[in-house]
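As structure tokens, the structure follows; a few thoughts come after it.
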Amino acid sequence: MAKRPNRRKRVLLIGLPFLVALNAFLFYIGVYGGNIHPVVPNALYRSAQLTSGTLENEIKKDHIASVINLRGASPDSGYYISELGVCKKLSVAHADVSMSAHRLPEPKELDKLLMDFDQLPKPILVHCKAGSDRTGLVSTLYVALQPGADLDHAESDQLTWRYGHFGVFGTEAMDDFFNLYRKTSGGLDLRSWIRKTYPNAYRDLQKSHSWEVTSGPGGE
């Protein structure tokens, strides 16, 4: 019995520095503040799912004109209802694109995303749940589509641990998407590849179960 306090003390001595380091890292990548970051200033910003108050502040701060929700429409969910309410209140356009952090994006959703990039008023705020994986893929895609952009640089800058993406436990599907482009582009630019090559490549991979990662529930 006399040794228990010492054992507890050792656990505290080991666990406390880990918790401090973990919280410092989460603070560094912006998890506590909504993981809000500029991607292309005055054009695209990225974040996690924001509370109504934080979303309203961000819209006003960076003059956000549109919000793209990568979690898909969820009319019965409080966070979704709240987000729509803020966007309506501030006359901000809202679009839904359904993606999973654990699967390659569906071609029809990518088509919708490209259309949103082209047609929605800017600046755009794009978000998923944590602002790390799906948001990282979409932010990389937006940067890589700009004239003269380098995909490798865009990916290392946007799909990174600095925003909470580690490419493990299924989320490597986000990295797989760009690796698939590198393997099958045949010289096509990224936009043309998404339109012309990706739909067939996606269907083939689904049939063969290659490049496919088992997902968690839904698109949370």
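Test of understanding: among 97, 86, 92, which residue is under 25 Å from residue 170 (Cα atoms) and of a type in the set (Val, Ile, Thr)? Every option except 97 fails the conditions.
Would you mention how many residues in segment 60-72 are under 14 Å from residue 128 (Cβ atoms) and surrounded by fewer than 22 Cβ atoms within 10 Å (Cβ to Cβ)? Give the steps one after another, and end with the answer.
To start, the set of residues in segment 60-72 that are under 14 Å from residue 128 (Cβ atoms) comprises 67-72.
So of that shortlist, the ones also surrounded by fewer than 22 Cβ atoms within 10 Å (Cβ to Cβ) come out as 72.
Looking only at that region, the number is 1.
Can you pull out every residue in segment 118-132 that is under 17 Å from residue 40 (Cα atoms) and not in a strand (DSSP E or B)? Walk me through how you get there before you give the answer.
To start, the set of residues in segment 118-132 that are under 17 Å from residue 40 (Cα atoms) comprises 118-127, 131-132.
Passing the criteria: 118, 119, 120, 121, 122, 123, 131, 132.
In segment 1-114, counting only helices (runs of 4 or more DSSP H) that sit wholly within it, the ones holding 3 or more residues that are modelled with pLDDT under 95, of a type outside the set (A, V, I, L, M) and farther than 24 Å from residue 146 by Cβ span 4-29. Beta carbons closer than 7 Å, at least 6 apart along the sequence or on distinct chains, pair a first residue in segment 118-139 that is more than 11 Å from residue 70 (Cα to Cα) and surrounded by fewer than 24 Cβ atoms within 10 Å (Cβ to Cβ) with a second that is modelled with pLDDT of 95 or more and of a type in the set (D, E, K, R) for 123/62. Scanning segment 79-117 for residues that are surrounded by fewer than 20 Cβ atoms within 10 Å (Cβ to Cβ) and of a type in the set (Ser, Thr, Tyr) returns 79, 80, 82, 91, 98.
Scan 90, 114 and give me the residue that is more than 23 Å from residue 143 (Cβ to Cβ) and not aromatic (Phe, Trp, Tyr).
Working: 114 fails: more than 23 Å from residue 143 (Cβ to Cβ).
Residue meeting the stated conditions: 90.
The values are calculated or read from the model by the stated rules, or taken from the named source; none is laboratory data. Everything quoted here is computed from the prediction, not taken from an experiment. As a convention, Cβ positions derive from the backbone with ideal geometry for all residues, glycine included, and neighbour counts pool all protein chains shown.
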